[in-house]
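Here is the structure we will look at.
Here, each number is a calculation from the coordinates, and none is a lab measurement. Just so it is clear, the structure is predicted and the values come from calculations on it, not from any experiment. Cβ atoms come from the backbone with ideal geometry, glycine included; neighbour counts cover every protein chain shown.
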There are 2 protein chains.
Amino acid sequence: MTSRQFNSLILDKFLPYRLSIVNNKISEVLSVTYAKQFDLTPMEWRVLAVLGQNESISADEICRFTEIDKVAVSRAVTKLVRKKIISRKRSTYDRRRSILRLTKGGVSIYKSIVPLVLEIEENLVDGLSVYERKQFRDLLAKIEYRVDSLRMLYKF
Amino acid sequence: MTSRQFNSLILDKFLPYRLSIVNNKISEVLSVTYAKQFDLTPMEWRVLAVLGQNESISADEICRFTEIDKVAVSRAVTKLVRKKIISRKRSTYDRRRSILRLTKGGVSIYKSIVPLVLEIEENLVDGLSVYERKQFRDLLAKIEYRVDSLRMLYKF
DNA sequence: TGCAATTAGTTTCATATGAAACTAATATAT
DNA sequence: ATATATTAGTTTCATATGAAACTAATTGCA
């Protein structure tokens with residue numbers, strides 16, 4: 001017997017709904033930081049963030065890391081190249097692949113944003129003990145593992 | 001001393017990033033359920049879900065409950081009315097307000113979807129103990145409280 | 001070898017989205 | 001009472017998005 005009424009959906013207690021609300025609020029706060037100050041869209045920031053921790057990777061690898069679809073990545077990459085935040089050249093081993101890197105300017109923007117977003121994260125978990133933070137991360141990982149299984153089902 | 005390197009951003013351990021990834025995966029699984037089977041957009045489903053637990057409310061109240069902006073709500077409502085899933089009339093007390101309700105057909109669709117999404121939620125937390133589920137909800141609520149404070153700051 | 005299948009990435013097109021301006025109704029202040 | 005501000009909801013417009021079709025390169029296999 002659970003505390004939830006059989007067959008009834010209370011949004012405020014519905015995990016996907018709560019997660020989505022909190023996620024949207026956090027995204028909003030983050031984007032105020034990097035969008036307004038550095039004129040980056042969320043997509044552009046995500047690509048930038050991945051390149052910040054991976055010296056040189058292809059657009060395709062960015063897709064796999066971020067779960068953003070390839071059209072969106074392609075567009076974000078084009079814009080970042082235009083803004084001279086990243087550079088793109090063709091791989092000599094596989095001439096379909098592009099090799100992406102942060103430019104000097106890109107590194108500099110990246111280094112400006114990182115402390116800002118880390119500070120926001122710190123603010124978010126400020127009231128949680130070290131144990132609670134770990135607990136939250138672990139539970140979220142468990143849930144992610146479960147949703148991955150569900151997604152597998154749909155694909156076959 | 002934390003395990004994270006000073007000033008370095010590791011996306012896989014960055015809370016907003018993890019939350020966003022998991023949220024996207026869950027949204028995808030849910031939308032496969034209600035979008036493909038009942039031809040509803042995520043916005044439409046959210047409006048439907050709110051009306052499922054609130055007999056009759058206005059578009060504005062839906063905005064406040066769901067944190068969806070009023071333009072999106074207006075459009076979702078228009079579509080749902082067209083599909084005869086909800087009905088709309090003007091309030092006699094305040095003729096700007098609309099009074100929204102599920103139609104019979106809407107109630108029926110709602111009742112079909114609810115068990116499906118509850119089953120998905122159950123699958124998501126399947127591996128968690130009752131204590132862990134509560135723990136997760138509580139920690140998420142704490143984080144939401146913190147992000148609300150941050151949002152307040154930006155507004156002044 | 002050479003031809004089909006796959007992969008990386010881009011373009012196209014139709015739809016979704018959000019900000020700002022708008023309309024209509026109500027509340028507030030003088 | 002009347003002008004002003006606020007609120008509910010819609011429309012407009014410019015941009016973002018994702019699916020599908022496309023190009024070009026590579027791989028697999030008969």
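What's the local net charge at B:Val147, with K and R +1, D and E -1, over the other residues with C-beta under 12 Å away? Residues near B:Val147 contribute -2 overall.
Here A:Gly127 yields copy-to-copy label distances, from shortest upward, of 2.9 nm, the label point defined as 7 Å from Cα along Cα to C-beta. With label points set 7 Å from Cα along Cα→Cβ, the inter-copy distances at B:Asp138 are 1.5 nm, sorted shortest first.
What relative contact order, as a whole-number percentage, does chain B give when Cα pairs under 8 Å and 6 or more residues apart are counted? Relative contact order here is 17 percent.
So what's the back-of-envelope 222 nm ellipticity for chain B, counting only DSSP H runs of four-plus at -39500 (n - 2.57) apiece and dividing by all residues, rounded to 500?
Numbers: 6 runs with 104 residues, N = 156.
Value at 222 nm, helices only: -22500 deg cm²/dmol.
Relative to the longest principal axis of the Cα atoms of chain B, the long axis of helix B:104-124 lies at roughly 10 degrees. Considering every alpha-carbon pair of the range B:86-156, the percent of pairs per 5 Å bin, from zero through the bin containing the longest distance, is 3, 12, 9, 10, 10, 12, 19, 16, 6, 2, 0.
Can you pull the mean other chain C-beta count within 10 Å for peptide A:114-124? If you can, show how the numbers build up before the last one.
Numbers: counts 4, 3, 0, 4, 6, 0, 5, 7, 2, 6, 11.
Per-residue shielding by partner chains comes out at 4.
Between B:Leu128 and B:Ser31, what length comes free when the chain is fully extended (0.36 nm per residue of separation minus the Cα-Cα distance, one decimal in nm)?
Working: separation 97, 0.36 × 97 = 34.92 nm, distance 2.35 nm.
Roughly 32.6 nm would be gained on extension.
The distance separating the Cα centre of the range B:89-151 from that of the range A:23-48 comes to 26 Å.
Toward the positive end of the charge dipole of chain B, with +1 on the Cβ of Lys and Arg and -1 on the Cβ of Asp and Glu, the farthest Cα among B:Val47, B:Leu140, B:Tyr93 is that of B:Tyr93.
What is the total of Lys pairs in the range A:34-156 with C-alpha atoms under 15 Å apart, excluding same-chain pairs fewer than 8 positions apart? Show your work: numbers first, answer last.
Numbers: A:Lys70/A:Lys79; A:Lys79/A:Lys89; A:Lys83/A:Lys104; A:Lys84/A:Lys104; A:Lys134/A:Lys142.
Lysine pairs meeting the criterion: 5.
If I take all pairs of Cα atoms in the range B:34-124, what percentage of them are more than 23 Å from each other? When all Cα pairs of the range B:34-124 are counted, 20 percent exceed 23 Å.
Arrange B:Arg95, B:Arg18, A:Arg88 by Cβ neighbour counts within 10 Å, fewest through most, would you? Display every interim value, and only then the final one.
Working: B:Arg95 8, B:Arg18 18, A:Arg88 14.
Ordered by Cβ neighbours within 10 Å, fewest first: B:Arg95, A:Arg88, B:Arg18.
Taken one residue at a time, the phi angles of the range B:39-45 give Karplus couplings (6.51, -1.76, 1.60, θ = phi - 60°) of 6, 10, 7, x, 4, 4, 5 Hz. Gly and Pro are set to x.
I need B:Thr41, B:Thr92 ordered by Cβ neighbour count within 10 Å, fewest first.
Values: B:Thr41 16, B:Thr92 8.
By the 10 Å Cβ count, ascending: B:Thr92, B:Thr41.
One quarter of the convex hull surface built on the alpha carbon atoms of the protein assembly as shown amounts to 19.7 nm², the projected area averaged over directions.
What sits nearest the axis between copies B and A, counting only chain B Cβ atoms, is the residue and whole-Å distance B:Asn23, 2. Label-point distances for A:Ser31 to the equivalent site in the other copies, using a point 7 angstrom along Cα→C-beta, read 1.4 nm when ranked shortest first.
Taking a quarter of the surface of the Cα convex hull of chain A gives a mean projected area of 13.0 nm².
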